[in-house]
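The values are calculated or read from the model by the stated rules, or taken from the named source; none is laboratory data. These figures come from a predicted structure and were not determined experimentally. Heads up, the Cβs are rebuilt from the backbone with ideal geometry, glycines too, and the neighbour counts pull from every protein chain shown. These area figures cover heavy atoms from the full protein model, side chains too; ligands, DNA and RNA do not enter into them. Shrake-Rupley method; radii C 1.70, N 1.55, O 1.52, S 1.80 Å.
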Amino acid sequence: MYISDKFLSISPSPTLAIDSKFKQMKADGLDVVGFGAGEPDFDTPQHIKDAAIKAINEGKTKYTPASGTLELKKAVCDKLLRDNKLCYDTNQIVISNGAKHSLVNVFGAILNPGDEVIIPAPFWVSYPEMVKINDGVPVIIPTLEEDSFKVTAEQIEEKITPKTRAIVINSPSNPTGMVYTKEELEKIAQVALNHHIYIISDEIYEHLIYDGSHFSIAQISDDVKDLTIIVNGVSKTYAMTGWRIGYTASNPTIAKVMSNVQSHATSNPNTIAQVAAVAALNGPTDDLEVMKKAFAERKEYMADRINTLPLVSCTKPNGAFYIMMNIKNVLGKKYKGVLIDSADKFAEIFLEEKLVAVVPGTGFMAPEYVRWSYATSYENIKEGLDRLEKFLSDLSE
Ligand code: PMP
Ligand code: GLU
């Protein structure tokens, strides 16, 4: 059987793998608690659902332009102006089937074989694979918890070669929850300007910052904005993960080539979901505020409790809905005689024995951590941490 070497080299998404394992175990009747995929446990707000139902009833069920409807592009431009003080024209916006799809398009648009993309680690699992799908080479910069998992301009500078095309900035970050300050972003942007490399700014968690507010790197100057490709979507802010709408804001040339490819690959993002996304972006934010308040309370509880337990710890995050739990001191211990020598083993035994699903840090290039999502109910969080406490007390040398 002939299969592309390139596709064979792509590993499946570990976050989605954990989530589907969790869902299968639940369907099998097991009392499993899931902290895997980052997906708000809140329902999509009613006014958004109503807009979609209305669209169906009015027959808005046909193809749209490949890069999205003008209404949705206008809603995105209005959002960028309102929330980020950034002025874009509709020909700079491409709507795709989720921010994940947007990102694949972006790497496809800017990379030629062998081109390098700098990705600070811990990173969201999909970035390196997306680069590889597009014949690029991921160049990873490890960061440390004691530096708040943040990359510095100097570290980026050291990794730049004549083949560097872009750096990925994800603030707030999945998986670390850290948020870059304006000053930190200014320094990073200066490196991008000096070397004329693109900044891929994944801002999907922009509304989930608990102290302070979001600053987009594109806001620094017009020159930085020209080099920046903003990636965002409605999945996290409006609890719309299943609707699959993401978007990019970039210079019009990049937007055009992405739209051309999309016209062959997917025709257009789902028409009904596009109508729903207009309602989301133009609508009230009350539901978002309720969700954010709940996330903030859960984060405090989860982080404080983890930090009272033996062997594990975490740095309290300021954004997104993830906590990276440091398990350095667990590695080398045994559970019922089985050695826990990696984050994968920890996650595997914790799931099998205590029925708690967390994501091992391996896929984020954080081998001494596991990721908990707190986009789940307080009851689940309490139960998950009770089971963690028991699990830790069962460990032996
Ligand atoms: N970027 C980051 C950092 C994410 O965590 C996610 C989560 N799925 C995405 C992009 C993609 O979001 P979606 O495709 O659901 O819009
Ligand atoms: N981004 C979410 C996560 O990290 C959803 C799963 C995925 O798309 O990877 O869990």
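Greater than 32 Å separation of Cα atoms is the criterion. Which listed pairs, Lys150/Lys293; Lys182/Lys333; Lys79/Lys299; Lys316/Lys354, meet it?
Cα-Cα > 32 Å for Lys182/Lys333; rest within.
Once the dipole of the chain is set up with Lys and Arg at +1 and Asp and Glu at -1 on Cβ about the Cα centre, which of Ala27, Ala66, Met291 lies farthest towards its positive end?
Towards the positive end, the residue furthest out is Ala66.
If you count only protein heavy atoms and use a 1.4 Å probe, how large is the accessible surface of Thr308, to the nearest 10 Å²?
110
At 222 nm, what helix-only mean residue ellipticity would the chain give, in deg cm²/dmol to the nearest 500, using -39500 (n - 2.57) for each DSSP H run of four or more?
Value at 222 nm, helices only, nearest 500: -13000 deg cm²/dmol.
With axes computed from alpha carbons, what is the tilt in degrees of helix 343-354 against the longest principal axis of the chain, rounded to the nearest 10 within 0 to 90?
On a 0 to 90 degree scale, this one is about 60.
With θ set to phi - 60°, apply the Karplus curve 6.51 cos²θ - 1.76 cosθ + 1.60 along the range 232-237 and write out the HN-Hα couplings as whole Hz, x wherever there is a Gly or Pro.
Rounded to whole hertz, the list is 8, x, 9, 3, 8, 5.
Among Asp344, Asp89, Asp28, determine the one that fluctuates most according to a GNM of the chain built with springs between C-alpha atoms less than 10 Å apart.
Sorting by GNM fluctuation, first place goes to Asp28.
Show me 129-138, 201-210 ranked by packing, highest mean number of other Cβ atoms within 10 Å first.
201-210, 129-138
Relative contact order (percent) for the range 278-381, with alpha-carbon contacts under 8 angstrom and 6 or more residues of separation?
Relative contact order of the range 278-381: 23 percent.
Take the range 146-245, drop everything but the C-alpha atoms, weight them equally and run the Debye formula without solvent; then report log10 I(q)/I(0) at 0.13, 0.15 Å⁻¹ to two decimals.
Ignoring solvent entirely, the Cα scatterers give -0.47, -0.62.
Taking every pair of alpha-carbon atoms in the chain, give the share separated by more than 28 Å as a whole percent.
Result for the distance tail: 47 percent.
Which percent, nearest 5, of DSSP beta bridges in the chain are antiparallel?
Percentage antiparallel, nearest 5: 50.
May I ask you to derive the relative contact order of the chain, considering only C-alpha pairs under 8 Å and at least 6 residues apart, and to give it as an integer percent?
So the answer I get is 23 percent.
So which trypsin sites (Lys or Arg not before Pro) in the range 58-94 pass both tests, a DSSP loop state and at most 12 other Cβ atoms within 10 Å of the Cβ?
Lys62, Lys85
Work from the charge dipole of the range 234-340 (Cβ charges, +1 for Lys and Arg, -1 for Asp and Glu, about the Cα centre) and give the residue of Ser235, Cys314, Met258 farthest towards its positive end.
Among Ser235, Cys314, Met258, the one farthest towards the positive end of the dipole of the range 234-340 is Cys314.
Could you tell me how many degrees, from 0 to 90 and to the nearest 10, lie between the Cα long axis of helix 46-57 and the main elongation axis, the longest principal axis, of the Cα atoms of the chain?
Between the helix axis and the principal axis of the chain, the angle is about 50 degrees.
Tell me the per residue accessible area of the chain using a 1.4 Å probe; a whole number in Å² is fine.
For the chain, the per-residue accessible area is 43 Å².
Given springs between every Cα pair under 10 Å in a Gaussian network model of the chain, which of His196, His47, His264 has the largest fluctuation?
Among His196, His47, His264, the largest mean-square fluctuation in the Gaussian network model of the chain belongs to His264.
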